[in-house]
Amino acid sequence: MASVSAVVVYIFTILAILCEVKCQVLYVPKIEALSPTELRLTVEYTGFQVFSFQGNINTPIKVGDEGSLSLKLLSRPAESKTSWSTFKDIEPRLKTGDIIYYYVYFITKKGTINYVSDFEYKVTNFVNEDGTSEIIPTSSSSTPTLDTTSNSISHTTPPCTLSITEIKGRKPICKGSLIFNEEFEQSHSKELTQWDPLNQFLAEPDYPFNMYQPYETISLENGSLVIKPVFTDSKLLSNPSLDLADRCTGKFEALECKREGPGIHNAIPPVTTGKITTRTTFSFKYGRVEVRAKLPSGTWILPEINLEPTDHVYGSKNYSSGLVRIAFLQNDGDPGLRKYVVSGLVFSGSNLYSPVSTDFIRLRGDEDWNEDYHVYSVTWTPEKFIFHIDNNEIGHIGYFKSFAEDKAFISHASNWTKGSKMAPFDEMFHVTLGLRVGGVNEFKDSEKKPWKNLASKAMLQFWKAKDEWFPSWTDGAMKIDYVKVYAL
């Protein structure tokens, strides 16, 4: 047995920086230098189909490059929840002080590839094969320390570049980490532990013509989340009032829990849809969000793939704390509009189709965007938002001056002067997925639109015209394949 000893270095796990994959956890491998010519990796199985390690000695490595140290594990180890592999006959020979630069990637059972990058392992000494050590480490503390001058983790953990991304209730975060992942592989929507369904009416500023209830509107099919619109039960519509009582997820004082109709905004909506949110489970500031989705095709149906403010620091009314729309269609029945997908920011609830209240980027496709799945992505930084579709940048939104200055004509813009130039988009946001129908701000008035936005009976006018728009709802569901969020 070798007389030299060991220091067992755990990457990532000490910080609880975990890659959550469908409620499974991938630990970055334990690395041990057995001798100057041997290196051992230990990987805990967490449900992956393929796990790969790519590294170089004393030479940085880019994601996608094959390293001089290359390992690929396929499926589950036969008799253990862990698997290990040894690199032998390493040249040049390892010595204390050498740094192994590496990244890992894994392929889930669903076939999606996830990368975790920018890792370093420093050889401090060599170990026995059983992992025991005779040399006492210079620091026996199991708690990592943060070197604020170098922006890295020191001593017991090899360097990890800290990200500017923040997660509510969890930090620090390593650069490039997968911090949220949902692949909707569960059997029933009730098993979605990272999400909460909404059960409420919708009120200002848009007053859509739907309510949110999870029954019949939210399901899981073939590995995708399906959210569809249905007509509200006729028994409910015939009643003068409806109180959601303790089932309500909205604000009691804002017409979100009880309707007593009739009235301009007090009637029971004729359509019911679904919406889920990570508000109580996952909120973050700055990062990259990626959603693979198939958008709905129905007229007057508005898909919601959004980032919404968690704490409403700048106010709770009229979008005063902002809204990020990752992707949606403004389908008013014009076939040409289905070729335009829209992404962008909402600053105010007045005329959401107007640049006065929003900054939207529109991309024209060769085909209708609702015909197939596409990957919609937004990168949110302290300087700007960058929007991508199918890995192609479609535009960015950001200013040399602050949003508060640029949107000074909005009444609540003065609230944003309390924050950074990105205010209101400098606080915690969470992910929401849902459907809306109609409303008084989303669509311009036109001859073909069956209601007027300022009409006292706008929702009733919409409902009376159902024979015109309902035939287009044959594919009115939104389908989501996965949602991923990465640290910057």
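For segment 16-44, filtered to residues that are part of a loop (DSSP other than H, G, I, E, B) and buried (at least 17 other Cβ atoms within 10 Å of the Cβ), the residue that is modelled with the highest pLDDT is P29. Against the conditions (1) crowded, with 21+ Cβ neighbours inside 10 Å; (2) within 30 Å of L337 (Cβ to Cβ), F284 satisfies every one except (2).
In segment 279-290, the count of residues that are at pLDDT below 95, basic (K, R) and in the same structural domain as K339 (by TED's automatic domain parsing) is zero. I'm trying to understand the selection: among the residues of segment 412-457, which are surrounded by fewer than 22 Cβ atoms within 10 Å (Cβ to Cβ), part of a helix (DSSP H, G or I) and either in contact (Cβ under 8 Å) with a residue 12 or more places away in the chain or not assigned by TED's automatic domain parsing to the domain that holds R288 (or both)? Hits for segment 412-457 are H412, A413, N415, T417, K418.
Exactly one residue out of D334, D366, D390 is surrounded by fewer than 17 Cβ atoms within 10 Å (Cβ to Cβ), modelled with pLDDT of 95 or more and of a type in the set (D, E, K, R): that is D390. Search segment 396-411 for residues being within 14 Å of G344 (Cβ to Cβ) and touching a residue at least 40 places away in the same chain (Cβ under 8 Å), and hand back the single one that is surrounded by the most Cβ atoms within 10 Å (Cβ to Cβ). Within segment 396-411, the match that is surrounded by the most Cβ atoms within 10 Å (Cβ to Cβ) is F403.
Here are G111, G97: which of them is out of contact with any Ser or Thr (no Cβ under 9 Å at 6 or more places or on another chain) and not in a strand (DSSP E or B)? Please lay out each step first, then the result.
Working: G97 fails: out of contact with any Ser or Thr (no Cβ under 9 Å at 6 or more places or on another chain).
Every option except G111 fails the conditions.
Here the condition is being surrounded by 19 or more Cβ atoms within 10 Å (Cβ to Cβ), assigned by TED's automatic domain parsing to the domain that holds H374, out of contact with any helix residue (DSSP H, G or I) (no Cβ under 9 Å at 6 or more places or on another chain) and not aliphatic (A, V, I, L, M); of G223, G250, it holds for G250 alone. Could you please give the count of residues in segment 211-234 that are out of contact with any Leu (no Cβ under 7 Å at 6 or more places or on another chain) and under 27 Å from L454 (Cα atoms)? Adding up the residues that qualify gives 6. Picking from residues in segment 297-310 that are out of contact with any Leu (no Cβ under 7 Å at 6 or more places or on another chain) and under 19 Å from W195 (Cβ atoms), the one that is surrounded by the fewest Cβ atoms within 10 Å (Cβ to Cβ) is T310.
Restricting to strands (runs of 3 or more DSSP E) lying wholly in segment 273-391: which have 1 or more residues that are under 30 Å from L454 (Cα atoms), in contact (Cβ under 8 Å) with a residue 12 or more places away in the chain and of a type in the set (G, A, S)?
Values: elements: 275-277, 287-294, 301-309, 323-328, 340-346, 358-364, 374-380, 385-389.
By residue number, 323-328, 340-346.
Filtered by the rule that a residue be part of a helix (DSSP H, G or I) and aromatic (F, W, Y), segment 460-488 gives F462, W463, W469, F470, W473.
For segment 171-190, a residue qualifies if it is farther than 21 Å from G287 by Cα and touching a residue at least 12 places away in the same chain (Cβ under 8 Å), and the qualifying residues are F184, E185, Q186, S187, H188, S189.
Regarding F282, is this residue within 17 Å of the chain's Cα centre (by Cα) and farther than 30 Å from A408 by Cα? Write out each step before concluding.
On the way: within 17 Å of the chain's Cα centre (by Cα): yes; farther than 30 Å from A408 by Cα: yes.
The answer is yes for F282.
The values are calculated or read from the model by the stated rules, or taken from the named source; none is laboratory data. Predicted model only: the values in this text are computed from it and were never measured. Don't worry about glycine lacking a Cβ; one is built from the backbone with ideal geometry, like all the others, and counts go over all protein chains shown.
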